[in-house]
Amino acid sequence: MAITHTAETRPKRRRRPPEEARRIVLEAARTLLVEKGPQALTLQGVAAAVGMTHGNVTHHFGTSAALHAALVADMAEAMAREAELSVQQMRAGHIGPETVVARIFEALNRGGYGRLVAWLAASGDIATLEPFFAAVEREVTLLRGVEPPETDSHVRGTGPITFMLLAGALGATLLGPDMVRATGLTDAAVAQLFVTQMQSMRAT
């Protein structure tokens, strides 16, 4: 015999705390980013991936731009922490510059983050990238604070190195393998180019 649930007997759907719901949505967005690319990061697409209604995702993020900004901020914080740790380890002599270069490139490639940043920039959605720029500025200011005071910050040190590495890593995210092939280089040779540039630009 079929059981008919009344309002009193119907199982209640558990209401997730707002922070948990946001975390679940962001995790689903990261998966979509890897599997289908940044163009798939719509509120409808993420809602379908996570098993929520479009209204629920809208309640937590409001717009696709807000979802993109939250994802950029989340990934920027992780990248900034890794970059800061890598530079501190290099300055202490625990790792070499080649490891720093490899980690920066990996941080932007991981989870399609570099593709997202480049896609938003190409779309003209610069405001959404503000968390990325804020994280970069914060880390540059922090790391520059322990450099020799006479360092020309326009030529040497954290600022120029960060610009060079991030610009190169973003370019490699989009065109890396094909550009390496077109120029007749190897991945190892390209990595060494960045290491050499980084060494020449370090504060002394």
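State yes or no: is Ala69 surrounded by fewer than 16 Cβ atoms within 10 Å (Cβ to Cβ), within 21 Å of Glu19 (Cβ to Cβ) and in contact (Cβ under 8 Å) with a residue 24 or more places away in the chain? Taking the combined requirement at face value, the residue does not satisfy it. The criterion of at least 2 residues that are under 11 Å from the mean Cα position of the chain (by Cα) and under 19 Å from Thr158 (Cβ atoms) is met by the following helices (runs of 4 or more DSSP H) wholly inside the range 28-138: 64-91, 97-109.
Within the option set Thr183, Thr158, Thr196, Thr151, being under 21 Å from Ala78 (Cα atoms) and polar (S, T, N, Q) holds for one residue only, Thr158.
Give the residues of the range 73-101 that are out of contact with any Leu (no Cβ under 6 Å at 6 or more places or on another chain), within 18 Å of Val136 (Cα to Cα) and among the aliphatic types (A, V, I, L, M), sorted by residue number. If the condition is that a residue be out of contact with any Leu (no Cβ under 6 Å at 6 or more places or on another chain), within 18 Å of Val136 (Cα to Cα) and among the aliphatic types (A, V, I, L, M), then Ala73, Met75, Ala76, Ala78, Met79, Ala80, Ala83, Leu85, Val100, Val101 are the ones that fit. Please verify whether Leu185 is more than 19 Å from Gly37 (Cβ to Cβ) and either crowded, with 17+ Cβ neighbours inside 10 Å or free of Cβ contacts under 8 Å to residues at least 24 places away in the same chain (or both), treating the condition exactly as stated. The answer is yes for Leu185. Counting the residues of the range 132-145 that are in contact (Cβ under 8 Å) with a residue 24 or more places away in the chain and either surrounded by fewer than 19 Cβ atoms within 10 Å (Cβ to Cβ) or under 23 Å from Gly176 (Cα atoms) (or both) gives 5.
Laboratory data are not the source of any read-out in this text; all were calculated from the coordinates shown. In this text the structure is predicted, and so the values were computed from the model without any measurement. So basically every Cβ, Gly included, is an ideal-geometry build from the backbone, and we count neighbours across all protein chains shown.
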